[in-house]
Amino acid sequence: MAVEQTECAKRFARLCTDGYAQGWHEANGGNLTYRMTDADIEACRADFAPRGEWVKMGVQADNLRGAYFMTTGSGKFMRNVADYPAESTGIVEINDAGDAWRIVWGLEGGARPTSEFPTHFMNHSIRLDATNGENRVIYHAHCPNIITLSTLIEPDARTWTRILWQSMTECVIIFPQGVGLVPWMVPGGAAIARETAKLMERYDAVVWTQHGMFVSGNSFDAAFGMMHTIEKSAGLYLAARAANGGKAPEFTISDEQLLQVCRAFDVKANPAFLDGAE
Ligand code: 13P
Ligand code: ZN
């Protein structure tokens, strides 16, 4: 089967199209990676043609030795992924040392994996362990409400998580651990990858202030839904604050109400962010 026709490639492209439609991917903004299953790899293997040198990432992970990732290309536009998958995306394999990649499909015309591949890679490594191998998707978007919120609110995980949980009732179900915050850093390398990965040990979603957000998910739906929910909640808070003359909205969801939601949906919210939780 041609790579483009596989289920994982179709779902990969659909997320890119959906994210673009949401307004999260101006120019080449944002990127996506997927850790392929053995069945995905077998479905694509006939099309694999390793080429080029192994490229060191500046980061290393034992649990991703020999893994295969579908990735967007650096400088490529999310809006083009569905129509031009072999130019806009590719598949890379990771070497036995777990510290370098090599292209086996796609990224035609001299393209390379996203410049954020080190962050994706480290996040995959951390989330793989945190979820017993279930996590497969890491997604980065330049979602506008998150970026705007980061110009108003200090980069503190508790403050941010409470604002987001308190603005829309089901947020606490979608991201019960809350969100982590990376204060402003230069994007695209090993340093920001390490800072982000540290937070991904505790959170499924990490905000890059004045830049956007990284989310993780066991499926494309889970990752997209996480991005969508957090971004929407940030937008609701901003709209309420603007409607309230710039002051924080007054009638938000209380801690006791959040705890009631957790009990009803059998969710364990991060106790550090909720007063009255065990
Ligand atoms: P890439 O085009 O290299 O994926 O970079 C886009 C981006 O959002 C960097 O943070
Ligand atoms: Zn970015």
What's the longest piece of the chain with no exposed chymotrypsin sites (Phe, Trp or Tyr not before Pro), counting a site as exposed if DSSP puts it in a loop and it has at most 12 other beta carbons within 10 Å?
-> 1-183
Report the FRET efficiency, 1/(1 + (r/R0)^6), for residue 84 and residue 275, where r is their Cβ-Cβ distance and R0 is 45 Å, rounded to 0.05.
-> 0.35
Write out the trypsin sites (Lys or Arg not before Pro) in the range 171-257 meeting two conditions: DSSP loop, and at most 10 other Cβ atoms within 10 Å of their Cβ.
-> 247
Considering every pair of different Cα atoms, what Kirkwood radius, in Å, is found for the range 121-168?
-> 13.0 Å
From DSSP H assignment alone, runs of 4+ in the chain each adding -39500 (n - 2.57), the sum over residues rounded to the nearest 500 puts [θ] at 222 nm at -11500 deg cm²/dmol
Bins of 10 Å, starting at 0 and running to the largest distance - Cα pair percent for the range 1-92 = 15, 47, 32, 6
The chain: C-alpha pair distances exceeding 36 Å, % | 16 percent
Nearest 10 degrees, 0 to 90: what angle lies between the long axis of helix 7-21 and the longest principal axis of the chain (Cα atoms)?
-> 50 degrees
Förster radius 35 Å - calculated FRET efficiency between residue 169 and residue 10, Cβ distance, rounded to 0.05 = 0.60
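Taken together, the values in this text are just the output of simple stated rules run on the coordinates, not laboratory data. These figures come from a predicted structure and were not determined experimentally. Please note: Cβ atoms are built from the backbone with ideal geometry, for glycine as well, and neighbour counts cover all protein chains shown.
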